[in-house]
1. For the chain, calculate the relative contact order in percent as a whole number, restricting contacts to Cα pairs under 8 Å that are 6 or more residues apart.
2. Enter the accessible area per residue of the chain (Å², integer; probe 1.4 Å; all protein chains in place).
3. Name the long-range amide H neighbours of SER98: under 5 Å, sequence gap of 5 or more, or other chain; modelled H, no Pro or chain starts.
4. Grab the beta carbon distance between ILE46 and ALA87, set R0 = 22 Å, and tell me the FRET efficiency rounded to 0.05.
5. Work out how much length THR121 to ARG73 would gain on full extension: take 0.36 nm times their residue separation and subtract the Cα-Cα distance, in nm to one decimal.
6. Based on the Kirkwood radius over alpha-carbon pairs, what value in µm²/s does the Stokes-Einstein equation return for the translational diffusion coefficient of the chain at 10 °C and 1.306 mPa s?
7. Given the C-alpha centroids of region 110-127 and region 21-54, what is the distance between them in whole angstrom?
8. Cα-Cα over 24 Å: which of LYS60/LYS126; LYS75/LYS126; LYS75/LYS129; LYS15/LYS126; LYS75/LYS137; LYS15/LYS129?
Amino acid sequence: MLLKQYSALIANDEKIFTTLANTSAFIYQNFEHLNWVGFYLNENNILYLHAFQGKVACTKIPFDRGVCGFACRAKQTVIVDDVHSFADHIACDSASQSEIVIPIIINNEIFGVLDIDAPITKRFSKEDKEVLEELVKILSNKIQSYK
C-alpha cells in the first residue's frame, strides 16, 4: 500500500528536485521515530546535500567518510543500530542514534544516497530496509526517466 501511494505521488513529477523533495517528505511523514530524512547526490565521489526533512545538515560528505560514504563504497544498504559504535560516523545532529543509508545506483554508478536518521537506537528493521530499498528502486526508475 505504501509503495503504491509513493508511486502515485511521483508519477507526474517533471523535475528531479520536486521528486526528491516530496520523497523525503513522504518518508518523514510515513515512518515513525525519525529525525532526519534526505538525499545526498554524488558529484566526483563527493556527496552533496540535496532535498531533506529535519534539522540543518552537513553539506558535503566524501566517499571515504561516514556511513553515507561507506554505503557508496560498498554499493549496498547500511544499517547502523547505534551510530556511536560506528567509528567514522559524522554527527550532524547529536540527537541521532541510529541510521540507514540506501545507495541510489543507476547504470552501476552511485547517483546518490537516501540517508535516514532516528533519535532511538535499533530503529531500522529488516522490513524497513526492504520497503525503503523498494522505494529507492521506484525512485531510481523515475530518475532514469528524466535523463
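1. Values: 263 pairs, mean separation 32.8, N = 147.
It comes to 22 percent, rounded to a whole number.
2. Spelled out: the 1.4 Å probe surface of the chain, per residue, equals 53 Å².
3. VAL83, ALA118, ILE120
4. On the way: r = 20 Å, r/R0 = 0.93.
It comes out at approximately 0.60.
5. Values: separation 48, 0.36 × 48 = 17.28 nm, distance 2.40 nm.
Here the segment from THR121 to ARG73 would lengthen by 14.9 nm.
6. Values: Rh = 15.1 Å.
Using the Kirkwood radius from Cα pairs, D works out to 105 µm²/s.
7. For region 110-127 versus region 21-54, the Cα centre distance is 10 Å.
8. On the way: LYS60/LYS126 28 Å; LYS75/LYS126 18 Å; LYS75/LYS129 14 Å; LYS15/LYS126 31 Å; LYS75/LYS137 14 Å; LYS15/LYS129 26 Å.
The pairs that break the limit, which is 24 Å between Cα atoms, are LYS60/LYS126; LYS15/LYS126; LYS15/LYS129.
The values are calculated or read from the model by the stated rules, or taken from the named source; none is laboratory data. Note that the coordinates shown come from a computational prediction; the quantities given were computed from them, not determined experimentally. Quick reminder, even Gly has a Cβ in these numbers, built from the backbone with ideal geometry, and neighbours come from all protein chains shown. What goes into the accessible areas is simple: the full protein's heavy atoms, side chains included, and nothing from ligands, DNA or RNA. Shrake-Rupley method; radii C 1.70, N 1.55, O 1.52, S 1.80 Å.
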